[in-house]
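Data block below; observations after.
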Amino acid sequence: MSNDHSISRVALKKTTPDVSAAMGALHAGAVSAAQDAKVEPEILELIRIRASQLNGCAFCLDMHTKDARAAGETEQRIYALNAWRETPFFSERERAALALAESVTLVHDGHVPDAVYAEAAQVFDEAQIAALIWAATVINAYNRIAIATRMAPGGYQPVKK
């Protein structure tokens, strides 16, 4: 990817506000489904960070690492997320969610293998798996939006709770 930012990119919210609002509603629906299914918020942030790493989305990495830290995530786990399989830092549920999110993100490479899905089904119920798939799908869409429009990282600040 080039760092040439000399070409002005479209402002999607301004140009297509209805579609942007629909995307926001999809995100809200995915978050709500995860809450209803009792998927841990920490797992959702790990999914968002990992998918953003795989997609090379600087804007979303900036946002979701800040959100994760604000929610109490450790620096050690955030730094190790790129090599999560090689560390003892993640629970069985987190590992299953990360594997599923990676497969959804890299769907062109293996089409979410049965073994990955079965691993998730061992520790998550159907509503939780659905929520994880939606979470991965939404962050992948947002990654593509941020990359295509060259959204600049650095300015995002988490909402204080």
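The values are calculated or read from the model by the stated rules, or taken from the named source; none is laboratory data. Since the model is a prediction, treat every value here as computed from it, not as a measurement. With ideal geometry, Cβ positions are generated from the backbone for all residues, glycine too; neighbour counts draw on all protein chains shown. These accessible areas exclude ligands, DNA and RNA; they are computed on the full protein's heavy atoms, side chains included. Shrake-Rupley method; radii C 1.70, N 1.55, O 1.52, S 1.80 Å.
Numbers at a glance
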{"item": "Relative contact order (percent, whole number), the chain, Cα cutoff 8 Å, 6+ residue spacing", "result": "35"}
{"item": "Accessible area of the chain divided out per residue, in Å², using a probe of 1.4 angstrom", "result": "57"}
{"item": "Accessible surface of D114 - all protein chains present, 1.4 Å probe, nearest 10 Å²", "result": "130"}
{"item": "Rounded percent of accessible protein surface that carbon and sulfur make up, the chain, 1.4 Å probe", "result": "58"}
{"item": "Global geometry of the stretch 87-141, whether rounded, prolate or oblate, following the gyration tensor of its Cα atoms and the 1.5 cut on a/c", "result": "rounded"}
{"item": "Cross-link partners of K66 among aspartates and glutamates (Cα-Cα below 18 Å; sequence separation of 8 or more within a chain)", "result": "E40, E42, E45, E75"}
{"item": "Principal axes of the chain: Cα extent on each, largest first, Å", "result": "47, 38, 33"}
{"item": "Max mean-square fluctuation residue, GNM over the chain, Cα-Cα springs under 10 Å, options F89, F124, F59", "result": "F89"}
{"item": "Among 28-35, 137-144, 46-53, the order from most to least packed when residues are scored by Cβ within 10 Å on average", "result": "46-53, 137-144, 28-35"}
{"item": "Length-normalised contact order of the stretch 38-117 in % [C-alpha pairs under 8 Å, at least 6 apart]", "result": "31"}
{"item": "Charged-residue dipole, Cβ positions (Lys, Arg, Asp, Glu), the chain about Cα centre, Debye nearest 20", "result": "740"}
